[in-house]
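The values are calculated or read from the model by the stated rules, or taken from the named source; none is laboratory data. Keep in mind it's a predicted model, so treat the numbers as computed, not measured. As a convention, Cβ positions derive from the backbone with ideal geometry for all residues, glycine included, and neighbour counts pool all protein chains shown. In case anyone asks, the SASA skips ligands and DNA or RNA and just uses the protein heavy atoms, side chains included. Shrake-Rupley method; radii C 1.70, N 1.55, O 1.52, S 1.80 Å.
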Amino acid sequence: MEDSSVYFIDQNLLPFEFRIISSGNFRQSCHAIRSRQVRGAGAIGAMAGFAMAQAFIESVTGNQQEATGNQQSAVGSQQEAAGSQQPAVMVQEARVTIESTRPTARNLFYAVEKVFAAGMNSADAAVTEAQVIAGKDAYDCKKIGEYGNSLIKDGFRIETHCNAGWLAFVDYGTALSPVYLAHSEGKNIFVYVDETRPRSQGARLSAWELHEESVPHTIIPDNAGAWLMSAGKVDIMITGADRIAANGDTANKIGTFEKALAAKALGVPFYIAAPLSTFDLNCSCGKEITIEERSQDEVLYVEGPDEEGIIRRIRLASPGSEAVNPAFDVTPAGLITGIITERGIIGATREEIFKITK
């Protein structure tokens, strides 16, 4: 965030185009989250924190999205609001709007809560808190990489699901952070990247990241994971998380649950990598986690460049058929070998979770 604008990578364009764009107000930032220009637990959290800070700035200056940009008009609006409750009402409404963008990701609510509390003191305090949250996200992910690296031996073949690399966070990532550190230390590793239909975050984003970092990898169909595990070709599986309940049940991208079932049946260690900001101690178990339902079009259609490099949208499925598209599923704690956090690796149990989050 610089001044009142937030700069971010437009993830919807990847891997075919890399572009940094900006949002000038909280509604534009909300759109970036809702449209998946910004996605991934930590990135969503950081963006939501910045959006909340933008709302406080706008409540002071009167420069809401509907404003024309005329500075004199903005000053006049500020003067009219002086002494009234308009700014307080505005930020309350903004908070509701921001929190409605993605219902499953805990980091979003964590960031909004903290920035909102800071903003009750001043808009400057809100901005500072948002920057602190973003900075801590990068630091926490770096530590997750250090702890997770201890699990990766030379020669390991690692499977991952969805994208939990540095695109999904402010930096480093969670599930891929240990991979990058292991690779940088010279360990001979190989990564199997689940394509992660329907939005293909694995095939489009994780694979792009790994290619940029020169990490040996290959993309696999989502349904190939169990076979690879049964053939002894996967030594460990690491995924990220969007929300972790107090008992260790974990919400992550749809398809994670079935991978955990396969890993448990075939004796493959299955780890979740997530910062403590992803833990929701007010959520007792996975059944209480809201699962986001996405448009069926994500299942029925796909977008990508044709032979001439023109981005086109084509239908994959039978015309006239409909689809259901849950964006996440919940992996029961009993299927999780451990959770890699910035404070160390813990078991997916209520006792260890409450101990580490104190």
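Contact map, the stretch 112-129: residues that are exposed (fewer than 15 other Cβ atoms within 10 Å of the Cβ) and at pLDDT below 95 paired with residues that are of a type outside the set (S, T, N, Q) and not in a helix (DSSP H, G or I), Cβ distance under 9 Å, separation 6+ or inter-chain. No pairs are found.
Could you please let me know if Met47 is outside any loop (DSSP other than H, G, I, E, B), surrounded by 19 or more Cβ atoms within 10 Å (Cβ to Cβ) and modelled with pLDDT under 95? Walk me through how you get there before you give the answer.
On the way: outside any loop (DSSP other than H, G, I, E, B): yes; surrounded by 19 or more Cβ atoms within 10 Å (Cβ to Cβ): yes; modelled with pLDDT under 95: no.
The answer is no for Met47.
In summary, Pro269 fulfils each of the numbered conditions (1) surrounded by 17 or more Cβ atoms within 10 Å (Cβ to Cβ); (2) within 14 Å of Ile339 (Cα to Cα) with the single exception of condition (1). If the condition is being open to solvent by 20 Å² or more (accessible area, probe 1.4 Å) and not in a loop (DSSP other than H, G, I, E, B), then the stretch 155-187 contributes Arg157, Tyr180, Leu181, His183, Ser184.
State yes or no: is Gly320 touching a residue at least 60 places away in the same chain (Cβ under 8 Å), over 20 Å from the mean Cα position of the chain (by Cα) and over 22 Å from Ala246 (Cβ atoms)? So Gly320 does not fit the description; no.
Taking the stretch 264-310, which residues are within 23 Å of Tyr110 (Cβ to Cβ), among the acidic types (Asp, Glu) and either part of a strand (DSSP E or B) or touching a Cys at 6+ places or on another chain (Cβ under 9 Å) (or both)? Let's see the steps before the verdict.
Going residue by residue through the stretch 264-310, those that are within 23 Å of Tyr110 (Cβ to Cβ) are 271-294.
Next, from what is left, pick out any that are among the acidic types (Asp, Glu): 280, 288, 292-293.
Answer for the stretch 264-310, where residues must be within 23 Å of Tyr110 (Cβ to Cβ), among the acidic types (Asp, Glu) and either part of a strand (DSSP E or B) or touching a Cys at 6+ places or on another chain (Cβ under 9 Å) (or both): Asp280, Glu293.
Restricting the stretch 272-293 to residues that are farther than 21 Å from Phe354 by Cα and in contact (Cβ under 8 Å) with a residue 60 or more places away in the chain, the residue that is surrounded by the fewest Cβ atoms within 10 Å (Cβ to Cβ) is Thr290.
Quick grid of which residues meet (1) in contact with a strand residue (DSSP E or B) (Cβ under 7 Å, 6 or more places away or on another chain); (2) within 28 Å of Ser277 (Cβ to Cβ):
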{"position": "Ile158", "(1), (2)": "yes, yes"}
{"position": "Tyr172", "(1), (2)": "no, yes"}
{"position": "His183", "(1), (2)": "no, yes"}
{"position": "Arg199", "(1), (2)": "no, yes"}
{"position": "Ile219", "(1), (2)": "yes, no"}
{"position": "Ala226", "(1), (2)": "no, no"}
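Contact annotation: residue pairs with Cβ atoms under 6 Å, 6 or more positions apart or on different chains, pairing a residue in the stretch 330-358 that is part of a strand (DSSP E or B) with a partner that is polar (S, T, N, Q) and surrounded by 15 or more Cβ atoms within 10 Å (Cβ to Cβ), are Thr331/Thr250; Thr331/Thr256.
Scanning the stretch 16-40 for residues that are closer than 26 Å to Glu212 by Cβ, open to solvent by less than 60 Å² (accessible area, probe 1.4 Å) and not small (Gly, Ala, Ser) yields Ile21, Ile33, Arg36, Gln37, Val38, Arg39. Entry remark, the stretch 152-174: residues being touching a residue at least 60 places away in the same chain (Cβ under 8 Å), touching a Gly at 6+ places or on another chain (Cβ under 8 Å), closer than 16 Å to Thr239 by Cβ and among the hydrophobic types (A, V, I, L, M, F, W, C) number 5 in total.
Need at least 3 residues that are under 15 Å from the mean Cα position of the chain (by Cα) per element, so show me which strands (runs of 3 or more DSSP E) inside the stretch 188-263 make the cut, counting only ones lying wholly within it. Explain how you work it out, then say what you get.
Details: elements: 190-194, 217-220, 236-239, 243-245, 250-253.
Because the criterion is at least 3 residues that are under 15 Å from the mean Cα position of the chain (by Cα), the strands (runs of 3 or more DSSP E) in the stretch 188-263 that meet it are 250-253.
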